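A short worksheet on the structure shown next.
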Amino acid sequence: MTNLSRRHMLQGLTALSGMAAVSSPALAKLAGTPQPDWALGWRNPTKHSLGTPQLKLVSGTMPKGLSGTFYRNGPAVFERSGFRMNHWFDGDGMVQRFHMSAGSVSHTGRMVETELYLNNEKEGRITGGGFGTVVPNPAPMKGPDSVNQGNTSVLPIGGELLALWEGGSAHRLDQVTLETKGPKSWGNDLQGMPFSAHPKVDVDGTIWNFGQDVFGKQLVLYRIKPSGELHSVKLIKDVPGGMIHDFCITDRHLIFVAPSFRAVRNSDTYLGRFKYQKDAAQHVVVLEKDDLTARRDFELPPGFQFHYGNAYTEANGDIHFSVCTGDDRFVTQGAKDVLRGKVPADSPVNLCHALLKADGSAKITETISEMADHEFPQFNPRFVGRKARYLYTVGRSHKNRPGQSAVLKHDLQTGDIQSHDYGAKTFAEEHLFVPGSGSAEDAGWLVGTTLDYGAKVTRLNVLDARNISDGPVAVFELPYTLPLGFHGTWMQG
Ligand SMILES: [Fe+2]
């Protein structure tokens with residue numbers, strides 16, 4: 001990457017991010033904590049630094065052989081000095097660390113100390129919004145990292161933990177104390193470049209990730225060695241400006257889908273620049289891992305999604321991938337409604353399977369709407385890029401509350417769905433697949449948090465992945481609740 005292209009990309013992202021100086025009486029209406037019981041999921045944490053040496057085991061026993069660290073990240077501080085953010089994606093990030101050892105679990109929660117968080121602390125108010133909020137009297141913006149909230153996911157790498165956002169730098173944290181050490185730089189000419197929140201760890205430990213310059217219609221592609229050092233970086237041009245949050249990999253290919261939610265207009269927020277173009281096909285870019293100049297392009301029916309499941313390439317070159325897809329209603333409006341205490345309108349997210357054929361045609365082959373909304377797809381990480389039988393999601397929508405209450409296991413071979421529902425007043429968050437010692441694909445556990453807003457308690461749940469309909473084999477409770485987060489990762493040992 002040349003200095004010129006970096007400067008151009010950063011200037012574009014900075015100029016077009018939400019940074020308008022606004023002072024309007026209308027903003028006063030945004031203040032105040034919403035009242036419904038489920039709004040507990042979007043309330044500030046009780047403290048910016050949380051910890052307990054031992055969670056209370058409330059049912060079952062920790063399986064033998066399950067020991068390691070479960071990290072999560074998510075927006076947490078939504079409100080300061082009477083001003084409340086306007087969008088779920090706009091809270092300052094807080095990383096959670098659940099360390100499991102010898103059958104017991106400890107917890108540490110700590111804010112990611114981004115430039116924005118430190119500024120907010122110093123001024124005692126919210127000084128910037130990164131995604132969908134117009135902030136009154138924002139602090140001067142030097143680049144995308146000025147509004148970086150570091151609030152989306154985590155990646156253990158090179159002895160550190162990265163707190164990931166997608167519009168700017170990852171932040172380096174201590175793996176144990178979660179102390180922030182500063183923004184991660186992949187090289188002098190890459191400082192401040194976007195680094196997305198869904199990196200893929202390949203079977204050999206290679207890490208693939210991208211950053212999107214949606215306005216410049218280009219991606220920066222990162223290939224990182226298992227040691228955590230940058231292997232190479234490449235600019236991928238002519239990628240239509242649809243919001244790309246996640247991607248997928250096979251043993252041979254990298255697959256990027258530019259959805260029908262396109263950056264087409266001016267706005268005072270980043271989100272506001274996107275419009276759902278219901279007749280615009282999704283544009284798929286497929287790159288060969290071994291030769292990143294070898295590219296094929298496909299079109300899929302209109303849609304928008306955040307997350308993809310697994311993918312694989314057949315011997316004949318056909319590519320299959322799973323995706324949880326719908327339209328823009330949740331990101332455009334629903335994720336604002338939840339911060340105002342309003343139940344969002346329906347915005348179904350179906351689990352779909354896509355086929356990109358070697359002859360250049362592409363289609364959605366199957367759509368599963370049963371127990372929608374499907375989100376946070378996960379699979380056995382040992383099967384990344386290979387044909388896999390099982391996919392795990394959270395699902396089941398409710399009429400009178402947002403979010404999902406169940407965890408699901410999809411058998412892609414038979415079409416069977418197993419599920420465990422945590423209850424009508426519980427949010428089921430992303431559940432990770434943690435491989436066990438057996439060689440079977442589903443030999444392992446699902447590990448995930450839930451927020452029971454009826455009982456006002458956050459729980460850590462462990463399910464046997466072979467039999468999730470039996471419910472958790474171990475449930476632990478925290479002595480405080482956590483705001484709902486987004487994504488996590490598992491570190492063995
Ligand atoms: Fe995500």
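The values are calculated or read from the model by the stated rules, or taken from the named source; none is laboratory data. Because the structure is a prediction, the values reported are computed rather than measured. Because the Cβ atoms are built from the backbone with ideal geometry, glycine has one as well, and the counts that use them run over all protein chains shown.
Annotations for the structure displayed:
- Some residue of the range 438-456 being assigned to a strand (DSSP E or B) and basic (Lys, Arg): no
Yes/no per residue for (1) surrounded by 22 or more Cβ atoms within 10 Å (Cβ to Cβ); (2) under 16 Å from His283 (Cα atoms); (3) aromatic (Phe, Trp, Tyr):
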residue: Phe304; (1), (2), (3): yes, yes, yes
residue: Asn316; (1), (2), (3): no, no, no
residue: Val331; (1), (2), (3): yes, no, no
residue: Asp337; (1), (2), (3): no, no, no
residue: Val343; (1), (2), (3): no, no, no
residue: Asn350; (1), (2), (3): no, no, no
residue: Ala354; (1), (2), (3): yes, yes, no
residue: Ser369; (1), (2), (3): no, no, no
residue: Ala372; (1), (2), (3): no, no, no
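- Strands (runs of 3 or more DSSP E) (entirely within the range 279-320) containing at least 1 residues that are within 16 Å of the ligand (Cβ to nearest atom) and touching a residue at least 24 places away in the same chain (Cβ under 8 Å): 304-313
- Contact map, the range 87-111: residues that are within 22 Å of Gly65 (Cα to Cα) paired with residues that are part of a helix (DSSP H, G or I) and hydrophobic (A, V, I, L, M, F, W, C), Cβ distance under 7 Å, separation 6+ or inter-chain. No pairs are found.
- Among the residues of the range 362-378, the ones that are more than 16 Å from the ligand (Cβ to nearest atom) and in a strand (DSSP E or B) come to 7 in all.
- Test: Glu430 is part of a strand (DSSP E or B), acidic (Asp, Glu) and surrounded by 21 or more Cβ atoms within 10 Å (Cβ to Cβ): yes
Each row is one residue, and each column tells you yes or no for (1) in contact with a His (Cβ under 9 Å, 6 or more places away or on another chain); (2) surrounded by fewer than 15 Cβ atoms within 10 Å (Cβ to Cβ); (3) at pLDDT 65 or above; (4) on the phi < 0 side of the Ramachandran plot.
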{"site": "Asp37", "(1), (2), (3), (4)": "no, yes, yes, yes"}
{"site": "Pro45", "(1), (2), (3), (4)": "no, no, yes, yes"}
{"site": "Leu66", "(1), (2), (3), (4)": "no, no, yes, yes"}
{"site": "Phe78", "(1), (2), (3), (4)": "no, no, yes, yes"}
{"site": "Asn86", "(1), (2), (3), (4)": "no, no, yes, yes"}
{"site": "Gly91", "(1), (2), (3), (4)": "no, no, yes, yes"}
{"site": "Val105", "(1), (2), (3), (4)": "yes, no, yes, yes"}
{"site": "Met111", "(1), (2), (3), (4)": "yes, no, yes, yes"}
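- Taking strands (runs of 3 or more DSSP E) as the structural unit, those lying wholly within the range 171-257 and holding at least 1 residues that are touching a strand residue (DSSP E or B) at 6+ places or on another chain (Cβ under 9 Å) and within 16 Å of the ligand (Cβ to nearest atom) correspond to 207-213.
- Scan of the range 81-118 for residues that are over 16 Å from Glu179 (Cβ atoms) and assigned to a loop (DSSP other than H, G, I, E, B), ordered by number: Ser81, Gly82, Met85, Asn86, His87, Gly91, Ala102, Gly103
- Of all residues in the range 168-190 being touching a helix residue (DSSP H, G or I) at 6+ places or on another chain (Cβ under 7 Å) and surrounded by fewer than 23 Cβ atoms within 10 Å (Cβ to Cβ), the one that is farthest from Val214 (Cα to Cα): Pro183
- Of all the criteria given as (1) more than 16 Å from the ligand (Cβ to nearest atom); (2) in contact with a helix residue (DSSP H, G or I) (Cβ under 9 Å, 6 or more places away or on another chain), the one not satisfied by Gly159 is (2).
- For Ala440: the one exception among (1) away from the ligand (no atom under 16 Å from the Cβ); (2) at pLDDT 95 or above; (3) buried (at least 17 other Cβ atoms within 10 Å of the Cβ): (3)
- Filter pass, Val201 being in contact with a helix residue (DSSP H, G or I) (Cβ under 8 Å, 6 or more places away or on another chain) and among the aliphatic types (A, V, I, L, M): yes
- Against the test of being surrounded by fewer than 24 Cβ atoms within 10 Å (Cβ to Cβ) and under 20 Å from Gly74 (Cβ atoms), the options Asn137, Asn120 yield a single qualifying residue, Asn120.
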